[in-house]
Amino acid sequence: MPSLVTAEVLARRQELMELLYFDEIDARLLSLKAAHSRTCLWFLEKEEYRQWLDLQNLKHHHGFLWVKGKPGSGKSILMKFLEARTRQSVAKDPNRLFVSFFFYAPGKHLEKSTFGLYRSLLWQLFQRDPDLQRVLDKFDLNAWRVIKRSGWQTEALKETIERAIDCLGDRDLSVFIDALDECRDDDVADMVSFFEDLGERAAEKGIRLRICFSSRHYPSIKLKCGFEIKLEDQDEHSEDIAKYIRSKLELPKSKRAGDFRKEVLEKSAGIFLWVALVIPMLNKTSAGGRVDQLQKCLNTIPMGLDNLFDMILARDDEDMDELRFCIQLILFAIRPVTLTEYFFALRRAGDNDLHDSWAAEEVDRDVMGRFAVSSSKGLAEVTKTRKKDKDPTVQFIHESVRDFLFSENGRRRLWPSFDHDKFTGFGHDAIKLRCLGEIEAYQSRNSEASTRSAQDLIPMWPFLRYATDNILLHANQAQQYGVSQDGFLLQFSGRQQDWVKLYNAFEKFQRRRYSDTVDIIYILAEHGLDSLLQIHPRLSSHLNVRGGRYFLPFAAAALLKHKAAARVLVASLRPDPDFAAGIEDRVTALSRGRNCNLASLQDFFKLLLALGHVPLMEHCIDSFGWRAQRQTLQRHRDVVNAVSFSPDGQTLASAS
């Protein structure tokens with residue numbers, strides 16, 4: 001007889017589950033186009049796929065199927081098709097489950113990491129079969145508190161997935177994971193190894209687990225067991241492209257029409273995306289009545305995606321500055337920009353007519369969407385969202401566009417003299433300048449930002465929040481890649497109070513807001529901006545700076561785990577190159593975190609003890625005149641585990 005689950009246990013489960021969810025959990029799947037009518041059906045009849053479904057063969061292939069293909073060949077669309085077909089089957093059989101994850105390299109961290117993958121898979125499992133939530137009860141009260149305080153960690157997620165699969169019983173689970181090439185290679189290798197172990201264990205225990213991967217032909221990982229299908233080698237895949245051409249290519253009735261379609265198919269070399277981009281060009285020629293020009297048009301279109309992208313960028317010189325900034329914004333934005341942010345960001349900063357007459361809610365979303373396509377010459381698109389009131393983002397039509405723009409040929413089409421670092425540095429610098437222009441344009445017309453809420457600011461100034469949140473981050477990246485920010489730091493220092501007012505207006509938590517007198521060094525340290533810290537002329541005096549909730553710049557960097565910034569701050573104190581050695585490891589191991597507030601030098605000294613970096617501790621003892629502490633600490637033969645300050649803060653008693 002099953003035991004009763006108390007309300008307390010249910011509440012703990014719910015809290016752990018809520019920590020799994022994130023807003024972009026299915027954003028990539030939603031943004032993918034569905035397969036064209038009557039395409040992909042052939043895959044269901046492939047022998048490898050049928051054997052993958054056959055439960056009798058699980059011991060031989062351990063439930064693995066890996067679909068590989070060239071960039072743009074249609075792998076993700078095929079995976080969306082397979083996921084949808086499985087969803088239909090599962091709806092008719094309560095003993096069948098499925099989960100999926102589509103990696104997305106331009107997205108936020110959770111969209112392109114195995115950490116996000118594990119969180120997503122677990123959340124879906126628990127939603128689709130609430131009975132599996134009982135595996136969360138394996139965490140004792142202390143573990144539950146740790147997860148609640150610090151969030152899920154990767155190993156805890158993997159352990160929970162293992163437990164959930166062990167509890168499947170006679171249920172059948174299919175897992176679809178798309179675009180492994182859009183995740184870090186090391187993480188993918190570890191993830192594949194983890195799933196191989198799961199598949200092997202499941203096969204030994206008779207658990208019905210199937211896993212379908214898709215990727216380009218890298219990462220170069222070979223499965224121990226399972227099936228592999230190379231998409232462009234399949235005759236049926238070519239027939240799918242032929243179907244698409246017959247459906248979308250508008251040709252006049254002619255004996256040559258069939259041969260022309262075949263020529264388009266052959267030139268595509270199995271790349272669906274190439275066809276999808278070329279057909280509108282051919283249709284435009286055909287629609288203009290220039291039937292005789294169709295062959296000439298096709299002849300001028302090169303084979304291969306990179307060559308096609310190059311042609312698209314070079315075919316006219318209209319609005320090239322707008323195109324360059326569009327590319328920089330999509331490539332180097334700290335997070336994907338929303339459609340509304342994109343629309344207003346590409347407008348000239350300080351355009352009074354725009355800000356006077358066009359509030360964000362007054363611009364039709366379709367108009368902004370068409371602008372995103374035209375300004376990018378068709379290389380960008382608008383994502384789809386599940387919620388109608390949520391602003392979609394702007395992204396490249398395919399990851400291969402990003403790859404091309406980072407290649408030497410792509411980069412030099414628009415920036416002929418830039419190498420990779422210069423391209424990246426000036427990209428961040430361009431966005432920084434646009435952010436600065438937005439802030440200055442707002443301040444020139446609205447001097448009292450501190451009295452206005454974010455809800456008041458965003459409708460008329462849609463790019464202002466992005467500009468406020470990220471101007472310093474872009475400056476830091478520009479400096480890191482060799483574009484000097486000395487002049488910007490000087491300029492920003494003169495407008496710092498204006499920025500602080502805006503920052504506070506957008507920051508909903510009172511304790512995270514800054515005072516009017518906050519020092520720029522503290523701000524840089526709290527945001528982990530190591531490259532800007534390194535060039536600040538007053539860096540070496542940072543121990544004399546008092547800031548916000550963490551009291552000192554170094555404390556802010558350490559508690560927020562900004563390892564590089566912590567190293568820069570410590571290294572600035574002495575010219576000895578070995579002085580800061582080991583500080584990053586100490587910061588990583590520090591048990592305290594962002595919720596630890598500091599209010600005095602006594603609190604800071606306790607942090608130094610917890611950190612355990614002896615050279616820094618001794619330097620601070622000298623700097624703050626803690627002479628007695630240094631003598632006492634030197635006499636300990638064991639770890640110092642207790643300290644107490646005198647009322648005047650000058651004497652410290654310690655115990656071990």
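Taking the condition surrounded by fewer than 20 Cβ atoms within 10 Å (Cβ to Cβ) and among the aromatic types (Phe, Trp, Tyr), does Phe579 pass?
yes
Taking the condition of being part of a loop (DSSP other than H, G, I, E, B), farther than 17 Å from Ile471 by Cβ and either open to solvent by 30 Å² or more (accessible area, probe 1.4 Å) or of a type in the set (S, T, N, Q) (or both), how many residues in the stretch 520-546 meet it?
Residues flagged as part of a loop (DSSP other than H, G, I, E, B), farther than 17 Å from Ile471 by Cβ and either open to solvent by 30 Å² or more (accessible area, probe 1.4 Å) or of a type in the set (S, T, N, Q) (or both) within the stretch 520-546 amount to 3.
Matching residues to (1) over 15 Å from Ala84 (Cα atoms); (2) touching a Gly at 6+ places or on another chain (Cβ under 7 Å); (3) surrounded by 15 or more Cβ atoms within 10 Å (Cβ to Cβ); (4) of a type in the set (Ser, Thr, Tyr):
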| residue | (1), (2), (3), (4) |
| --- | --- |
| Ala7 | yes, no, no, no |
| Arg12 | yes, no, yes, no |
| Leu29 | no, no, yes, no |
| Leu41 | no, no, no, no |
| Glu45 | yes, no, no, no |
| Tyr49 | yes, no, yes, yes |
| Gln56 | yes, no, no, no |
| Phe64 | yes, yes, yes, no |
Original post:
Scanning the stretch 363-377 for residues that are touching a residue at least 12 places away in the same chain (Cβ under 8 Å) and not in a helix (DSSP H, G or I), which turns out least open to solvent (accessible area, probe 1.4 Å)?
Top reply: Ser376
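Residues checked against (1) at pLDDT below 90; (2) part of a helix (DSSP H, G or I):
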position	(1), (2)
Glu381	no, no
Thr385	yes, no
Lys388	yes, no
Ser400	no, yes
Phe404	no, yes
Gly410	no, yes
Subject >> Condition check for Lys501: open to solvent by 20 Å² or more (accessible area, probe 1.4 Å), free of Cβ contacts under 8 Å to residues at least 60 places away in the same chain and in a helix (DSSP H, G or I) >> reply: yes
Original post:
Can you tell which of Arg586, Arg567 is open to solvent by 40 Å² or more (accessible area, probe 1.4 Å), farther than 26 Å from Gly494 by Cβ, assigned to a helix (DSSP H, G or I) and in contact with a Gly (Cβ under 7 Å, 6 or more places away or on another chain)?
Top reply: Arg586
Original post:
Do the conditions hold for Glu322, that is, is it of a type in the set (Asp, Glu) and buried (at least 19 other Cβ atoms within 10 Å of the Cβ)?
Top reply: no
Original post:
Among Glu232, Glu266, which is the only one that is among the charged types (D, E, K, R) and touching a Gly at 6+ places or on another chain (Cβ under 7 Å)?
Top reply: Glu232
**OP:** Please tell me if Glu507 is within 30 Å of Leu323 (Cα to Cα) and under 27 Å from the mean Cα position of the chain (by Cα).
**Re:** no
Original post:
Just for the stretch 180-200: of the residues that are touching a residue at least 24 places away in the same chain (Cβ under 8 Å) and open to solvent by 30 Å² or more (accessible area, probe 1.4 Å), which one is farthest from Arg119 (Cα to Cα)?
Top reply: Glu200
Original post:
Could you count how many residues in the stretch 468-483 are open to solvent by 20 Å² or more (accessible area, probe 1.4 Å), within 15 Å of Leu436 (Cβ to Cβ) and either more than 24 Å from the chain's Cα centre (by Cα) or of a type in the set (S, T, N, Q) (or both)?
Top reply: 2
Original post:
Taking the stretch 338-359 as the search range and keeping residues that are open to solvent by less than 20 Å² (accessible area, probe 1.4 Å) and at pLDDT below 90, which one is nearest to the chain's Cα centre (by Cα)?
Top reply: Ala359
Subject >> Of residues in the stretch 422-440 being modelled with pLDDT under 95 and of a type in the set (Asp, Glu), the one nearest to Phe463 (Cα to Cα) >> reply: Glu438
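Do you know which residues across the stretch 229-248 are among the hydrophobic types (A, V, I, L, M, F, W, C) and open to solvent by 10 Å² or more (accessible area, probe 1.4 Å)?
To start, the set of residues in the stretch 229-248 that are among the hydrophobic types (A, V, I, L, M, F, W, C) comprises 229, 231, 241-242, 245.
Within the stretch 229-248, Ala242 is the sole residue that qualifies.
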**OP:** Assess whether Tyr550 counts as being surrounded by 18 or more Cβ atoms within 10 Å (Cβ to Cβ) and in a loop (DSSP other than H, G, I, E, B).
**Re:** yes
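Listed here are the residues, each with its yes/no results for (1) acidic (Asp, Glu); (2) under 30 Å from Gly270 (Cβ atoms); (3) open to solvent by less than 50 Å² (accessible area, probe 1.4 Å); (4) without any contact (Cβ under 8 Å) to a residue 24 or more places away in the chain.
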site: Asp140; (1), (2), (3), (4): yes, no, no, yes
site: Arg149; (1), (2), (3), (4): no, no, no, no
site: Val175; (1), (2), (3), (4): no, yes, yes, no
site: Asp178; (1), (2), (3), (4): yes, yes, yes, no
site: Lys205; (1), (2), (3), (4): no, no, no, no
site: Ser214; (1), (2), (3), (4): no, yes, yes, no
site: Tyr218; (1), (2), (3), (4): no, yes, no, no
site: Phe227; (1), (2), (3), (4): no, yes, yes, no
Original post:
Do we have any residue at all in the stretch 591-605 that's within 28 Å of Gln480 (Cβ to Cβ) and part of a helix (DSSP H, G or I)?
Top reply: no
**OP:** Would you mind stating whether Gly107 is over 18 Å from Thr160 (Cα atoms) and either touching a residue at least 60 places away in the same chain (Cβ under 8 Å) or surrounded by 18 or more Cβ atoms within 10 Å (Cβ to Cβ) (or both)?
**Re:** yes
**OP:** Counting only residues that are under 19 Å from the mean Cα position of the chain (by Cα), give me the helices (runs of 4 or more DSSP H) lying completely in the stretch 15-132 with at least 3 of them.
**Re:** 27-31, 114-128
**OP:** Determine whether the stretch 616-624 contains at least one residue that is at pLDDT below 90, part of a helix (DSSP H, G or I) and aromatic (Phe, Trp, Tyr).
**Re:** no
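The values are calculated or read from the model by the stated rules, or taken from the named source; none is laboratory data. Just so you know, these numbers come straight off a predicted model, no measurement behind them. Note that each Cβ is placed from the backbone with ideal geometry, even for glycine, and that neighbours are counted across all protein chains shown. Only protein heavy atoms, including side chains, enter the accessible area calculation; ligands, DNA and RNA are left aside. Shrake-Rupley method; radii C 1.70, N 1.55, O 1.52, S 1.80 Å.
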